[in-house]
1. Please report the carbon-and-sulfur percent of the accessible area for the chain; probe 1.4 Å, protein heavy atoms only, DNA, RNA and ligands left out.
2. Enumerate the residues in segment 482-522 having an amide nitrogen under 20 Å from the point lying 7 Å beyond the Cα of ALA561 toward its Cβ.
3. Using the C-alpha atoms of segment 3-155, what convex hull volume per residue, in cubic angstrom, is computed?
4. Please calculate the 1.4 Å probe accessible area of ASP123, with all protein chains present, and give it to the nearest 10 Å².
5. With a Förster radius of 51 Å, plug the Cβ-Cβ distance of GLU56 and PHE3 into 1/(1 + (r/R0)^6) and report the FRET value to the nearest 0.05.
6. Please tell me which of these pairs span more than 20 angstrom C-alpha to C-alpha: LYS351/LYS424; LYS329/LYS401; LYS196/LYS351; LYS196/LYS512?
7. Over segment 12-70, with a single point scatterer placed on each C-alpha, what log10 of the ratio I(q)/I(0) does the Debye formula yield at q = 0.18, 0.28 1/Å?
8. Consider a paramagnetic label point 7 Å from the Cα of ALA477 along Cα→Cβ; state which residues of segment 558-577 have an amide N under 14 Å from it.
Amino acid sequence: MSFQVFGIAVSRGVAIGRAVLVASSRVDVAHYFVAPDQIQAEIARLLRGRDAVVQELETLKDELPDDAPHELAALLDVHLMLLHDEALTGSASQWIVDRHYNAEWALSAQLEVLARQFDEMEDDYLRERKADLEQVVERVLGALAQAQGDAPAPVTPRDFAGEDPLLLVAADIAPADMIQFKRSVFRGFITDIGGKTSHTAIVARSMDIPAVVGTREASRLIMQDDWVIIDGDAGTVIVNPSPIVLEEYRFRQRQSELERARLARLRHTPAVTLDGEHVELHANIEMPVDAEAAVVAGATGVGLFRTEFLFMNRDGELPSEEEQFLAYKAAVEAMKGMPVTIRTVDVGADKPLDRLTVNELRHEHVLNPAMGLRAIRWSLAEPSMFRQQLRAIYRASAFGKVRLLVPMVAHLSEVRQITETIRKVQQQLTDAGHAFTRVELGVMIEIPAAAVMLPLLLRHVDFVSIGTNDLIQYTLAIDRADEAVAHLYDPWHPAVLQLISQSIAQARAAGKGVSVCGEMAGDPDFTELLLAMGLRSFSMHPSQIPAVKQRLLRSDAQRLAGVLPRLLESEDPRAVAEKELAVAKGGVAAVH
Ligand code: PEP
Ligand code: MG
């Protein structure tokens with residue numbers, strides 16, 4: 001049966017493929033393909049994992065003391081029965097044969113299928129056996145992890161010409177897991193949770209693959225292996241489409257590929273408006289390797305290197321100074337003399353260090369993480385970690401043009417502590433004989449307090465970068481990761497526009513650099529607006545650069561600036577923008 005699920009469009013384009021359902025807690029299970037000649041060996045590996053657990057449970061059962069409760073032996077029997085059931089390992093083996101999944105993936109895919117069947121059972125006792133099944137699968141996954149040397153070499157999907165593309169469906173994906181998917185087999189994402197600027201959405205955008213978040217129940221309604229279309233522009237998911245709908249979307253997919261190829265030709269065109277205003281188009285990156293995509297897209301620098309992704313997935317261990325230095329140096333060298341703005345670590349809120357999903361974080365750990373010990377607050381609370389990161393950044397400055405950016409600043413005392421720490425770090429590096437050059441210091445304008453007192457902050461820094469994702473969140477008191485209030489997350493809100501416009505004007509008047517690196521900068525629907533406000537430096541995901549460049553090449557900055565006063569005074573700025581700035585009516589950037 002064909003049906004649609006509606007969510008929030010976060011990453012454009014159309015993806016058509018098979019659904020792969022993954023429980024949020026198992027998103028980190030290895031997902032890769034095995035070569036055709038490895039299939040039998042992979043099934044044998046799965047069965048060895050299963051047999052190891054059978055052995056373990058048999059031993060446990062044999063060693064049960066005589067006075068052990070009778071239920072314990074019965075429970076072990078249930079687990080043993082599940083392990084021997086063909087519906088688990090037999091069907092998991094079939095995933096390996098049909099889809100070439102690795103054993104762990106095959107097992108968790110089959111678990112999702114069976115879990116649904118348990119959920120639908122009328123009988124309470126039987127329904128509750130789902131928990132037993134999950135425990136059994138966890139044990140087998142554990143056994144497979146222990147025998148890791150056994151695992152086959154992964155092969156990339158490209159080696160399987162003709163394979164159906166795979167689309168990931170999960171209740172939630174932690175940013176720490178998302179980053180691993182950069183190298184994954186998935187060609188699109190659907191999640192139940194999340195907002196347009198949640199970090200899961202941001203990483204999906206950086207991967208330039210279609211994604212829809214905040215669907216609330218896609219992971220419950222979509223079945224393993226269903227055919228799915230993700231319409232990343234409209235925020236809809238079509239499940240088991242009819243042949244006509246499928247053909248229509250295949251056509252749109254081809255059109256959008258052609259459009260991308262056309263835009264890519266703008267790569268070497270200088271970013272200059274019709275009236276001759278030069279505009280910097282910089283890239284946002286999460287990992288040093290992303291710098292390559294930035295250069296390919298025609299970025300003239302990195303405006304935001306989100307270093308927190310280097311700190312994730314490490315089981316509590318932080319990256320050493322040397323490791324960080326090498327990562328920053330790699331990005332700096334890849335940019336070949338163009339500036340690289342390295343932001344100090346911004347963990348907390350919806351970017352925890354370990355792989356908690358937003359929901360787990362919200363409900364189990366911190367009362368209100370967005371307002372807690374996040375970003376610079378965390379760095380200042382961990383001075384040796386902060387100094388270590390600053391040393392690594394300064395050392396990278398010997399290899400190219402490095403700029404230092406600090407997130408979430410709200411107090412002048414924070415800026416004083418930062419400059420004091422920088423002085424110490426410079427002294428330490430000089431004493432240790434490390435080379436470094438001058439590094440400009442910038443702060444992010446993400447908290448309304450920082451925007452309101454910008455003239456005071458500007459006395460202490462070389463540049464500012466406006467983080468609209470957080471500025472909107474904190475100005476409107478809307479959690480950016482919460483789909484329940486996503487409709488109120490409004491970049492066109494007059495208060496937001498006032499703060500952005502005023503910050504740009506004040507920084508320019510003070511002769512200081514100002515850029516926008518939040519998602520607004522990469523959304524072509526805001527290009528004219530930001531140009532009208534006097535912005536001349538935009539930073540965005542590399543994939544967005546061509547579309548934004550096309551908009552600014554067609555813009556007359558002076559004419560746009562003339563519209564700004566009317567727009568800022570209006571009760572409906574979006575309507576003014578549609579009429580006078582040629583912003584698309586009801587485009588994807590519209591209020592959700
Ligand atoms: C922002 O808040 O706009 C920003 C760029 O930072 P992040 O999205 O990483 O919080
Ligand atoms: Mg931010």
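1. Working: 13130 of 24510 Å².
The value for the chain is 54 percent carbon and sulfur by accessible area.
2. 497-516
3. On the way: hull volume 23.2 nm³, N = 153.
Output value, Cα hull per residue: 151 Å³.
4. 80 Å²
5. On the way: r = 43 Å, r/R0 = 0.83.
Efficiency at R0 = 51 Å is approximately 0.75.
6. Values: LYS351/LYS424 29 Å; LYS329/LYS401 10 Å; LYS196/LYS351 15 Å; LYS196/LYS512 30 Å.
The pairs that break the limit, which is 20 Å between Cα atoms, are LYS351/LYS424; LYS196/LYS512.
7. For segment 12-70 at q = 0.18, 0.28 Å⁻¹, log10 I(q)/I(0) is -0.92, -1.12.
8. Label zone hits: none.
The values are calculated or read from the model by the stated rules, or taken from the named source; none is laboratory data. Not measured: the values here are computed from a predicted model. Quick reminder, even Gly has a Cβ in these numbers, built from the backbone with ideal geometry, and neighbours come from all protein chains shown. For the accessible areas, the whole protein counts, side chains as well, though only heavy atoms, and no ligand, DNA or RNA atoms are used. Shrake-Rupley method; radii C 1.70, N 1.55, O 1.52, S 1.80 Å.
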